[in-house]
1. Only one residue in 95, 99 is crowded, with 18+ Cβ neighbours inside 10 Å, within 24 Å of residue 57 (Cα to Cα), at pLDDT below 95 and in contact with a strand residue (DSSP E or B) (Cβ under 9 Å, 6 or more places away or on another chain). Which one?
2. If you take the residues of region 131-143 that are surrounded by 15 or more Cβ atoms within 10 Å (Cβ to Cβ) and closer than 23 Å to residue 186 by Cα, which of them is modelled with the lowest pLDDT?
3. If I filter region 31-45 for residues that are under 30 Å from residue 169 (Cβ atoms), outside the structural domain of residue 151 (by TED's automatic domain parsing) and either surrounded by 12 or more Cβ atoms within 10 Å (Cβ to Cβ) or modelled with pLDDT under 95 (or both), do I get at least one hit?
4. For region 92-119, enumerate the residues that are more than 19 Å from residue 71 (Cα to Cα) and in a strand (DSSP E or B).
5. Just checking, does region 144-158 include any residue being surrounded by 15 or more Cβ atoms within 10 Å (Cβ to Cβ) and part of a loop (DSSP other than H, G, I, E, B)?
6. For region 110-166, name all the residues that are closer than 27 Å to residue 61 by Cα and out of contact with any strand residue (DSSP E or B) (no Cβ under 9 Å at 6 or more places or on another chain).
7. Which of (1) without any contact (Cβ under 8 Å) to a residue 40 or more places away in the chain; (2) surrounded by fewer than 15 Cβ atoms within 10 Å (Cβ to Cβ); (3) assigned to a strand (DSSP E or B) is the odd one out, the single condition residue 161 does not satisfy?
């Protein structure tokens, strides 16, 4: 800070140039900060819109049949690789012309885990091929309750096998008690 002088008329005209410059620099920084925040918001909104656009898939089709399967015998796994949930696989025949189908799964699930970050995942395969949206986080560590997920799938004409598979992230004990799988399709 500059030295202050006393009583001289010329002193009244002395301007603290460092504070004036600092004020201009601060104004510039504020403008830059505001512009950065504004641009960050625009970029974030664009990313969210892109993620929503990529994740959102609409399908429709004529449903004339369904094939279902229920199981009540408890099954458990500690696998970290996908395996078919016992009794949650079903074959069906899609009519000529193909189209879309829906596979619904619901079950009483529990995950006992020593790690609080363990997760139980589900996925659907049709004829051994994973269907969209891919791997679905279904249950967190040390939770239990009814859980469900529905998949909309494109189907070619012909015979198919749908399987709901599960795995854990870190090897906790993932169990399914009462569970059900329903496939809606056109025949």
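1. 99
2. 133
3. yes
4. Once the filter is applied, which keeps residues that are more than 19 Å from residue 71 (Cα to Cα) and in a strand (DSSP E or B), region 92-119 yields 93, 94, 99, 100, 101, 102, 112, 119.
5. Among the residues of region 144-158, not one is surrounded by 15 or more Cβ atoms within 10 Å (Cβ to Cβ) and part of a loop (DSSP other than H, G, I, E, B), which makes the answer no.
6. 129
7. (1) is the only condition that residue 161 fails.
The values are calculated or read from the model by the stated rules, or taken from the named source; none is laboratory data. Because the structure is a prediction, the values reported are computed rather than measured. Quick reminder, even Gly has a Cβ in these numbers, built from the backbone with ideal geometry, and neighbours come from all protein chains shown.
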